[in-house]
Amino acid sequence: MKNKIINLQKIAGIFLILILFGGFLISTIACKPKVVEAPVTPPTPTPVPPLGNIIFTQGGHLVEFNLTTSETAPLTSGKSTEWFPKVSPKGDQVLYWSNADSNVYNLWSLNLGNSQRTQLTFNDQTELPSNEQNLLLNTSASWSSDGKTIIYTQDGDIWAMDSDGYNPKTILSGQAALCPNFSPDGKSVLYLSNLNDLVYNLYLLNQSDKTIRKVTNYTDWNVGAPSFSVDGSKILFNLYRGDVTQVYTAKADGTDPINLTNNVRSLSPSFGQGDKKIYYASYGPSGDSDLNIYVMSANGTDVKALTTDGGASPSWAPIFVPVSAPATPSK
């Protein structure tokens, strides 16, 4: 009997130990923090900047081509003719030459938001050369990188004025200048001249000390339609001679020119989309089609026709986003 009691006590003790150990395990498991995996954060898509628009001349009037939808819309009409548009850096305005209200071409601006036109110069004599020569030279006015100043040529002199047409002043005289362009930092002005040559070459005016440096030294080719890349490292232009005209880039000092087109006639190039694209006019691969607007990559590849019904002197327009005025706090 005594042995039974002892055995029962042992069994009860073992059972008690098992209960206590089980309780310890349960409490340990219950107290252990639960691991929760963090949700996978989806990758943030890289924003794709809007392609923008192209403003160009078609049939003597300005036309806007939407690069996203490939739709065109007229910007000007009527009896006047408009040439050589140049869009402002913000994409809110475009400069152009027009003979509106007279037989003389003067410089005008068009607000792309409200279509308001403003005459900026009031010359008595037309400043544009003959039609064919002017297409090759592409004698547009130009903007400073902040959009506050406009430069243009009159009687071979380079003039600057505020973007609203006020405060005109001469910044270079007596150099038979055409097609002026500010450098991105505003310290220099790139322009064309044939004053000292039988052909047009590129020159650079230093605005601080008024010194002039010759950038190109062609003797049998004319330079036309010059402009800077946005970063200022390259210049873009076309070379023409006889019935041949091609698009080139070079370093900002004029060295290492690269021929980007290999058809018969390509002209009036301009950078777009942050120097990634070049827009230009061309008569087609064999030169037997009408002048149309084309686009290519900055290295001359991926050529694509944008128009089939004519076009010249393209200028890229970024999508303008107006800055909203701060809300007036309520009283």
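The values are calculated or read from the model by the stated rules, or taken from the named source; none is laboratory data. Everything numeric in this text was worked out from a predicted model, so none of it was measured. Reconstructed Cβ throughout: ideal geometry from the backbone, glycine too, with neighbour counts over all protein chains shown. Accessible surface areas use protein heavy atoms only, side chains included; no ligands, DNA or RNA. Shrake-Rupley method; radii C 1.70, N 1.55, O 1.52, S 1.80 Å.
Length gained on full extension, T211 to N167, computed as 0.36 nm times the residue gap minus the Cα-Cα distance: 13.5 nm. Sorted on the mean count of surrounding Cβ atoms within 10 Å across their residues, most packed first, peptides 75-82, 58-65, 261-268 read 261-268, 58-65, 75-82. The gain in end-to-end length when the V230 to T149 segment is fully stretched comes to 27.5 nm, 0.36 nm per residue minus the alpha carbon separation. Averaged per residue, the range 207-326 has 48 square angstrom of accessible surface, using a 1.4 angstrom probe with ligands and nucleic acids left out.
Note on K276: aspartates and glutamates with a C-alpha under 13 Å away, same-chain residues under 8 apart excluded, are D231, D302.
Ligands, DNA and RNA left out, the 1.4 Å accessible surface of the range 163-255 is 50% carbon and sulfur atoms. In loop segments of the range 123-197 as defined by DSSP, the chymotrypsin sites (Phe, Trp or Tyr not before Pro) with at most 16 further C-beta atoms inside 10 Å of their C-beta are Y166. Solvent-accessible area assigned to carbon and sulfur over the range 62-154 amounts to 43 percent, based on a 1.4 Å probe. Summing charges over all other residues whose Cβ lies under 11 Å from the Cβ of T149, with Lys and Arg as +1 and Asp and Glu as -1, gives -1.
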